[in-house]
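The values are calculated or read from the model by the stated rules, or taken from the named source; none is laboratory data. Worth saying up front: this structure is predicted, and the values here are computed from it rather than measured. Cβ sites come from the backbone with ideal geometry, for glycine too, and all protein chains shown count toward neighbours.
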Amino acid sequence: MTITARAAVHDGAGNRLSVRTVQVADPGPGNVLVRMGASGVCGSDRHVLDGEWQLPSPTVMGHEGAGTVESVGDGVQDVRPGDHVVLSWFYPCRRCTACASGKAYACTGSRSEECVLPDGSTRLSSGGDPLFPYLAVGSMSEYAVVPESAAVRIPAEVPFDVASLIGCSVATGVGAVVNDAGVAPGESAVVVGAGGVGLSIVMGLRLAGADPVIAVDVSQEKLEAALALGATHAVLAGPRSVDDVRTIVAGGVDHAFEAIGRPETIEQLPAYLCRGGKAVLVGLPGVGTPVRFNALALAENGQSVIGSNYGSTVPARDFPRLAKLYLAGRLPVDRLISHRIRLDEVNEAFDAMRAGQRTRSVIVFDG
Ligand code: APR
Ligand code: ZN
């Protein structure tokens, strides 16, 4: 049986989304039909809308979502109707060597980036033509069909708006700190860019016991949010930001995170670091964007630059942990949310993001 859903569709050109009714087919074998509770409005969706990344289109946008399992296809064992789930935008194939080694984030068999299910199909359509769910999630829709490995059960006490953010910005930010940088208690850190992802890094640093935690942003509003979420210092981005940070931590910080995706701010990371420090690239630039580093200085100072994608998240391990930390009051994800909006207000949310406003908009679905 095919059902209908209201969804935010990107037709491939221009940065506007059209909110319209689409068709959603029954989940096939191994798939899960999810009634969406909430979807975050993330910077990665904006990259697509602004033409910085190319995708199969038309695309149902959204990759940061949570909801309730409505029905399951043949063979699904991990979830059942009524379960609350956080969706992963990188579904592990569960067959490749990386998956077998517990490194779901390094899976080589996932087709998430093609925006299709494991069998190459999509269950979404409009007027008989296929629609591609962004990163095989497509959470800006009342319903989504995802592979079983992308739907991770979490306790029903976690509200959907919070749960949706666990699916991208929080997993990315906390994972960058814990899984990738391996921050130790008492180490110092700077976070450049305090949007949804950067603020999640700040929360992760607080959780890991880092000190000081310095946020750098062009927006005073974002800096205040960073302080509220556990940053110990806030520095307004500008020509003096490196000096300001090095005044707070003489000799430079142990860890520098970039959470914007701009070449200029990425190239600046080593300047914040102490000898032996680590720069972590979390923000994602446009396809094919080169950056330059001073190789001699990096080598002489024993510094490293590492890439971090989705915080090297293992969804089935990390989503329940993050949910538990939220419930224990250790990860104030709710404070990341500045705006709760309806699906019809999605274009305004992206405009606000382009203008550097709002910490996080979250679309909340009825029912
Ligand atoms: N210096 C410092 N901060 C800046 C600068 C700058 N030159 N330019 C922009 N910013 C800040 C903005 O004010 C905003 O607070 O960077 C932040 C970016 O946040 P969002 O637009 O909310 O984006 P977010 O969803 O956090 O994603 C950030 O991470 O995963 C990636 O694809 C994602 O590349 C994107 C990045
Ligand atoms: Zn995201």
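General remarks:
- Residue list for the stretch 296-320, filter: out of contact with any strand residue (DSSP E or B) (no Cβ under 6 Å at 6 or more places or on another chain) and surrounded by fewer than 16 Cβ atoms within 10 Å (Cβ to Cβ): LEU296, ALA297, LEU298, ALA299, GLU300, ARG317
- Filter pass, ILE260 being outside the structural domain of ASP11 (by TED's automatic domain parsing), part of a loop (DSSP other than H, G, I, E, B) and surrounded by 16 or more Cβ atoms within 10 Å (Cβ to Cβ): yes
- Among (1) within 16 Å of ligand 2 (Cβ to nearest atom); (2) touching a Lys or Arg at 6+ places or on another chain (Cβ under 6 Å); (3) of a type in the set (Val, Ile, Thr), the one test that VAL41 misses: (2)
- Candidate set from the stretch 34-62 (those that are hydrophobic (A, V, I, L, M, F, W, C) and within 15 Å of ligand 1 (Cβ to nearest atom)); member that is farthest from SER141 (Cα to Cα): TRP53
- Once the stretch 324-360 is narrowed to residues that are among the aliphatic types (A, V, I, L, M) and closer than 16 Å to SER39 by Cα, the residue that is farthest from ligand 1 (Cβ to nearest atom) is LEU343.
- Against the test of being within 15 Å of ligand 2 (Cβ to nearest atom) and outside any helix (DSSP H, G or I), the options GLY288, GLY283, GLY311 yield a single qualifying residue, GLY283.
- Within the stretch 154-203, tally of residues that are in a helix (DSSP H, G or I) and either of a type in the set (Ser, Thr, Tyr) or free of Cβ contacts under 8 Å to residues at least 12 places away in the same chain (or both): 4
- Strands (runs of 3 or more DSSP E) contained in the stretch 68-153 and holding at least 1 residues surrounded by 18 or more Cβ atoms within 10 Å (Cβ to Cβ) and among the hydroxyl-bearing types (Ser, Thr, Tyr): 143-147
- Qualifying position, being over 20 Å from SER308 (Cα atoms) and basic (Lys, Arg), among ARG240, ARG206: ARG240
- Contact annotation: residue pairs with Cβ atoms under 7 Å, 6 or more positions apart or on different chains, pairing a residue in the stretch 219-242 that is within 15 Å of SER338 (Cα to Cα) with a partner that is within 16 Å of ligand 2 (Cβ to nearest atom) and part of a loop (DSSP other than H, G, I, E, B), are LYS222/ALA194; LYS222/GLY195; LYS222/THR359; LEU223/ALA194; ALA225/ALA194; ALA225/THR359; ALA226/ALA194.
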